[in-house]
1. Residue by residue through segment 55-112, note down the ones that are closer than 15 Å to Leu143 by Cα, open to solvent by less than 30 Å² (accessible area, probe 1.4 Å) and over 15 Å from the mean Cα position of the chain (by Cα).
2. So Ala177 passes all but one of these: (1) modelled with pLDDT under 95; (2) part of a helix (DSSP H, G or I); (3) surrounded by 18 or more Cβ atoms within 10 Å (Cβ to Cβ). Which condition number does it fail?
3. Within segment 126-140, can one find any residue that is assigned to a loop (DSSP other than H, G, I, E, B) and touching a residue at least 40 places away in the same chain (Cβ under 8 Å)?
4. List pairs: first in segment 86-104 and under 17 Å from Tyr41 (Cα atoms), second among the acidic types (Asp, Glu) and modelled with pLDDT of 90 or more, Cβ under 9 Å, 6+ apart or cross-chain?
5. Looking only at segment 115-152, which residues are modelled with pLDDT under 85 and either among the β-branched types (Val, Ile, Thr) or under 13 Å from the mean Cα position of the chain (by Cα) (or both)?
Amino acid sequence: MALKRWLQWGSNWVKQAMPGYCAFCLAPASAGQGWCATCLYELPWNLHACRQCGDPVAHGTSLCGHCLVDPPAFSTTQAGLLYQGLIKQLVHDFKFHASPRAGTLLAELMLLTPPIDLGNALLSVPMTTTHACTRGFNQSHWLAEHLSRQLGIPMVSAKRIKDSPSQRTLNRRQRAANLAGAFVFESPPPAHLLIIDDVVTTGSTGNALGRAALEAGAKRVDIWAAARTPLGKD
């Protein structure tokens, strides 16, 4: 099994490391892009989403039930893709294998569906020192730096003061409790912040970070992520 996983990862790495070829199928890529037209069309696009949290909703619906009942601290979420299939694999290679090619592809895909309002500054999700050392890098900060350079928008930073357990196995309510009071701003943020992240799952991280930003003086907080995990009933 270990050999099979290694070969699978090696195959994925080869696909992402070959400039001029589609990162998903190895066909010739479209000019100046990391993908071919067919794969771009077949990616899991998040076509009908809740305006506030980005969770997929029925066509014609603007807000999901969660946001109607318990609105988060952030105003909107822009996540153009769903965390499924090829995008899930791409995020995994970026987050857990620190693949710069995968990160660049995610950032370029984000630029295909940007938010209407980019705000005054980009804000990455901060990690504790322990988590950063374990992971080796902060994928949210990497994406924010890439987008900052591309768009000419400055970055600001927050600090994570609560070393919470991993969110990966927690449900919505547990995630929210896990991150309560986790973030602080050491200086007042600008009026409109845009949180950058790779994947939005329940929105708990963005809600906690957004709440901290509003308490520190920001007037509005939005989220811009590469993908959204479709939750349905969670």
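1. Result: Ser99, single match.
2. (3)
3. There is at least one residue in segment 126-140 that is assigned to a loop (DSSP other than H, G, I, E, B) and touching a residue at least 40 places away in the same chain (Cβ under 8 Å).
4. Every condition considered, the pairs that remain are Leu86/Glu42.
5. Answer for segment 115-152, where residues must be modelled with pLDDT under 85 and either among the β-branched types (Val, Ile, Thr) or under 13 Å from the mean Cα position of the chain (by Cα) (or both): Thr128, Thr129, Thr130, Thr134.
Each row is one residue, and each column tells you yes or no for (1) small (Gly, Ala, Ser); (2) at pLDDT 90 or above; (3) more than 18 Å from Gly103 (Cα to Cα).
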{"position": "Leu7", "(1), (2), (3)": "no, no, yes"}
{"position": "Pro19", "(1), (2), (3)": "no, no, no"}
{"position": "Pro28", "(1), (2), (3)": "no, yes, yes"}
{"position": "Cys36", "(1), (2), (3)": "no, yes, no"}
{"position": "Leu43", "(1), (2), (3)": "no, yes, no"}
{"position": "Arg51", "(1), (2), (3)": "no, yes, yes"}
{"position": "Leu81", "(1), (2), (3)": "no, yes, no"}
{"position": "Lys88", "(1), (2), (3)": "no, yes, no"}
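The values are calculated or read from the model by the stated rules, or taken from the named source; none is laboratory data. Only a predicted model underlies this, so the values are computations on that prediction, with no experimental measurement involved. A quick note on method: Cβ atoms are made from the backbone with ideal geometry, for glycine too, and the neighbour counts reach across all protein chains shown. We work out accessible area using only protein heavy atoms, side chains counted, and drop any ligands, DNA or RNA first. Shrake-Rupley method; radii C 1.70, N 1.55, O 1.52, S 1.80 Å.
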